[in-house]
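Here, each number is a calculation from the coordinates, and none is a lab measurement. Keep in mind that this is a model prediction, so the values were computed, not measured. When we count neighbours, we look across all protein chains shown, and the Cβ atoms used for this are built from the backbone with ideal geometry, even at glycine.
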Amino acid sequence: MAAVWRIESARLIAGLTRLVRDVGTAEELAQDALVAALEQWPRDGVPDNPGAWLMAAAKRRGIDLIRRRETYARKLSEVGEDLRHRQQDGGRDDFDAVDEDRIEDDVLRLVFTACHPVLPTEARVALTLRMIGGLRTDEIARAFLVAEPTVAQRIVRAKKALTKAQVPFEVPQGEERAERLASVLEVIYLIFNEGYSATAGDDWMRPALCEDALRLARLLQGLMPDEPEVHGLAALLEFQASRSAARTGDDGEPVLLLEQNRSRWDQLLIRRGIAALALAGKTADGPAGPYVLQAAIAACHAQARKAEDTDWGRIAALYAQLARATPSPVVELNRAVAVSMAEGPAAGLALVDALTDEPALKDYHLLPSVRGDLLAKLGRSAEARAEFVRAADLTRNEAERALLLRRAENA
């Protein structure tokens, strides 16, 4: 049942939302249909087309709900009235039409609605995982180490905010489309990153979140095949996910990129990443966007059979291009690492030292971590130890903290 819900929930909620024009109401109807399935399927067996069964059940409950609650939203009442007339006339209703003809467009509309910029970031993430990913509230809470009532409240507030702002259930066009797409891609990337390098807690990784983000990225590829940045994000996530098995040791301790056993990298995911990056190139009609550039950097690592084979010169050049496209102190820090590998630790340290007064990096643990690494390579052990300890104090992830303290001891 859980697998069916993960597969069908986005399609079901999307189709219902287009008709009732309210995400919260659509999810209520979908959840009612799920409850009916939980009651009937164990007794009668899983139907041949679970999605169609759930849609039909949601339709019936929508009509019943309208009959019971006179104060329900006018738009839902109108939909219910129309459905009753169609049933009486024996005609095909709009729910059937949605299921057969417009479902992909509806899912894309739902994606843009859940990721609307009117919502704060944490609400967009929670709503996307709930509506598109099919996760339960408790699953989202566990994944982000947040109390379940907190996540539930975020979702409730997000639905109310969308209704209050009268967010249209549509795919944006024109200049707004690029801005809104950036919000969608950001949400998926944030979900993946939280799984790939957990910001807090005891675990270095939360693989389930990575899997959810990958599934969303692949779904978006199918819905928006002409968007190079969509393929770029998918490629980036495929490449990064390919390293997952090699990123932890036998006891769950983190293993850094240059120390990983590359025979454990997933070659299928790497091939998928290469294919997605090629699609990004084919669909592009201008300069590469930030996700395409990050995917190209990840490809350099993926295609190096040994760490010493990595083309650090190309990676440094790609980071310079990325810094021009999206100026950011974090990008500059990553460029400094690449420059240190290509030109030596002194060259990298000069770039890192230029970032030490950046307000955005004040509490960013990777700044002292990178600086400590470069200082250690230059033989400045006491300074390196101090930087690693500072980085350990800043991180909220216990596994990473332990790694940084070990590096301080060994500097």
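Across region 219-235, rounded Karplus estimates of 3J(HN,Hα) from the backbone phi angles (6.51 cos²θ - 1.76 cosθ + 1.60, θ = phi - 60°) give 4, 5, 4, x, 7, 10, x, 9, 9, x, 5, 5, 5, x, 4, 4, 4 Hz, Gly and Pro being marked x. Taking only Cα atoms, what is the 0 to 90° angle, nearest 10, from helix 398-410's long axis to the longest principal axis of the chain? Result, in degrees: 10. Normalising the Debye intensity of region 137-230 to I(0), with uniform scatterers on Cα atoms only, and taking log10 at q = 0.15, 0.17 Å⁻¹ returns -0.76, -0.93. Taking 0.36 nm per residue of sequence separation and removing the Cα-Cα distance, the V156/Q303 pair yields an extension gain of 48.5 nm.
Once both labels are positioned 7 Å from their Cα atoms along Cα-to-Cβ, the gap between D251 and E409 label points is 0.9 nm.
Ranking of E104, E229 by neighbouring Cβ atoms within 10 Å, starting from the fewest: E104, E229. Quick check for you: which residues of region 195-232 have the amide N under 19 Å from the point 7 Å beyond the Cα of V146 toward its beta carbon? Correct set: 195-203, 205-214, 216. Pairs of C-alpha atoms in region 205-246 farther apart than 14 Å represent 44 percent of all such pairs. Using the Cα centre of the chain as origin and beta-carbon charges of +1 (Lys, Arg) and -1 (Asp, Glu), tell me which of A234, A30, L181 is placed farthest towards the positive end of the dipole. The residue sitting farthest along the positive end of the dipole is A30.
With charges set only on the Cβ (+1 for Lys and Arg, -1 for Asp and Glu), what does the dipole of the chain come to about its Cα centre, in debye to the nearest 20? List each step's numbers first, then the result.
Details: 54 positive and 63 negative charges, 50 e Å.
Computed about the Cα centre, the dipole is about 240 debye.
Legend: ranking of residues R18, R6 from fewest to most surrounding C-beta atoms inside 10 Å; resulting order R6, R18.
Here the 3J(HN,Hα) profile of region 240-254, calculated from phi with Karplus coefficients 6.51, -1.76 and 1.60 at θ = phi - 60°, is 5, 5, 4, 8, 3, 5, 9, 8, 9, x, 4, 9, x, 6, x Hz, Gly and Pro shown as x.
For E139, the shell of other residues with beta-carbons less than 13 Å away shows a net charge of +1, using +1 for Lys and Arg and -1 for Asp and Glu. Using the Cβ-Cβ distance between R218 and Q31 with R0 set to 25 Å, the FRET efficiency works out to roughly 0.50. Based on the Stokes-Einstein relation at 4 °C and a viscosity of 1.567 mPa s, and on the Kirkwood radius from alpha carbon pairs, region 128-167 is assigned a translational diffusion coefficient of 123 µm²/s. Amide H contacts of G201 (H built 1.01 Å from N, in plane; Pro and chain starts excluded): E398 sit under 5 Å, all sequence-distant by 5 or more or on other chains. Taking amide H atoms as placed 1.01 Å from N in the peptide plane, the amide H of T248 lies under 5 Å from those of V255, each 5 or more residues away in sequence or on another chain.
Would you order K160, K377 from fewest to most other beta-carbon atoms within 10 Å of each residue's own beta-carbon? Could you put the intermediate results ahead of the total?
Working: K160 12, K377 15.
Going from least to most buried by this count: K160, K377.
Taking 35 Å as R0, compute the FRET efficiency from the Cβ-Cβ separation of N193 and D48 and round it to 0.05.
Numbers: r = 39 Å, r/R0 = 1.11.
For N193 and D48, the calculated efficiency is 0.35.
Taking the empirical scaling 2.2 N^0.38 Å for compact globular proteins as reference, the chain has a Cα radius of gyration ratio of 1.12.
Karplus-derived 3J(HN,Hα) values for region 176-188, using 6.51 cos²θ - 1.76 cosθ + 1.60 with θ = phi - 60°, are 5, 4, 5, 5, 5, 5, 4, 5, 4, 5, 4, 4, 5 Hz; glycine and proline are entered as x. For the chain, the relative contact order is 11 percent, taking Cα pairs closer than 8 Å that sit 6 or more residues apart in sequence and dividing their mean separation by the residue count. Using 0.36 nm per residue and subtracting the Cα-Cα separation, the extra length available between Q267 and R136 on full extension is 44.0 nm.
Given the pairs K306/K377; K160/K362; K59/K159; K59/K164, which are separated by over 29 angstrom at their Cα positions? Intermediate values should be presented prior to the final figure.
Working: K306/K377 20 Å; K160/K362 35 Å; K59/K159 21 Å; K59/K164 25 Å.
Over 29 Å apart, Cα to Cα: K160/K362.
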